[in-house]
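So the structure is just underneath, and the comments pick up after that.
Taken together, the values in this text are just the output of simple stated rules run on the coordinates, not laboratory data. This is a predicted model, so every value here is computed, not measured. Every residue, glycine as well, gets a Cβ built from its backbone with ideal geometry; the counts of neighbours run over all protein chains shown.
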Amino acid sequence: MEVNSYENLPGLRSIVETSAEDKANNEELGQNEYLKLMTTQLANQDPFAPMDNGEFLAQIAQFGTVSGVNDLVTESKSLSSNLLSSQALQASNLIGRQVLVDHDQGHLPEDGSLLGAVELESSSPSVAVKVLDNSGELIARVDLGSQQKGMVPFSWDGTMIDGQRASSGRYKLEVEAVYGSTTESLTPQIVDQVHSLTIGRAGQEMSVELENTGTVSFNQVTQIQ
């Protein structure tokens, strides 16, 4: 008796074609398609050469893997959604608050000072903040002197080297600290107020809209005041 190959069986061919279309749409076979393929294969196997137990158990194990992966993906999506909601709730408390942000540009208000800080990894005998204009020209220097390890605040009242007060606006900041015989450039942190927040989708970073600095990544926020 001649037994048709699996590829020539109408039922299996239909399932394969349907699965191929689903695969094109979903990029991988789902749990239902996998189960249909396995049961069709069992129903139409050659009775004179049935599938041995080892092969059958291997397919059952594969089916269990597919099911487990699908459950894991579903649970991961649910967890991501819950974490995103929790993050949004906590982040909403930042609106209107002042924060310290890793940024090399600070804002000098019409009346008042540009505020910021710098993190020192170790004590330094000399720390200074340089203020530059849009063309990169040095217009002011704030000497902080000797400082201990840790967060060191600074402020610039807008007074330039020539004694005049600078116009209100954004200025580039550079921080230098002396360590032994070397002078290192450090990342300044500026003080600004949170205007709004943008919650990204799962896997995306949350962004913070600051009053004067613009949009920055939430990861740039180092301290909430």
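Of note:
- Alpha carbon convex hull of segment 96-137, projected area averaged over orientations, nm²: 4.8
- Legend: ranking of residues Lys149, Lys36 from fewest to most surrounding C-beta atoms inside 10 Å; resulting order Lys149, Lys36.
- Net charge of Cβ neighbours under 11 Å - reference Thr159; Lys, Arg +1; Asp, Glu -1: 0
- Other residues whose C-beta falls under 12 angstrom from the C-beta of Val175 contribute a net charge of -4, scoring Lys and Arg +1 and Asp and Glu -1.
- Between Ser126 and Asp104, the modelled label-to-label distance comes to 2.2 nm, taking each label 7 Å out from Cα in the direction of the beta carbon.
- Summing charges over neighbours of His195, with a neighbour being any other residue whose Cβ is under 12 Å away from its Cβ, gives -2 when K and R count +1 and D and E count -1.
- Sorted by Cβ density within 10 Å, fewest first, the residues Ile139, Ile224, Ile190, Ile199: Ile224, Ile199, Ile139, Ile190
- Dipole of segment 158-225, positive end: most advanced residue of Ser168, Gln223, Tyr179 [Cβ charges, Cα centre]: Ser168
- Footprinting exposure proxy for Tyr171, Tyr179 (fewest neighbouring C-beta atoms within 10 Å first): Tyr179, Tyr171
- For a paramagnetic label modelled on Glu211 (point 7 Å from Cα along Cα→Cβ), amide N atoms under 11 Å away belong, within segment 91-131, to 96-99, 109-110.
- Spacing of the two label points (7 Å from each Cα toward its C-beta) at Gln204 and Ile95, in nm: 1.9
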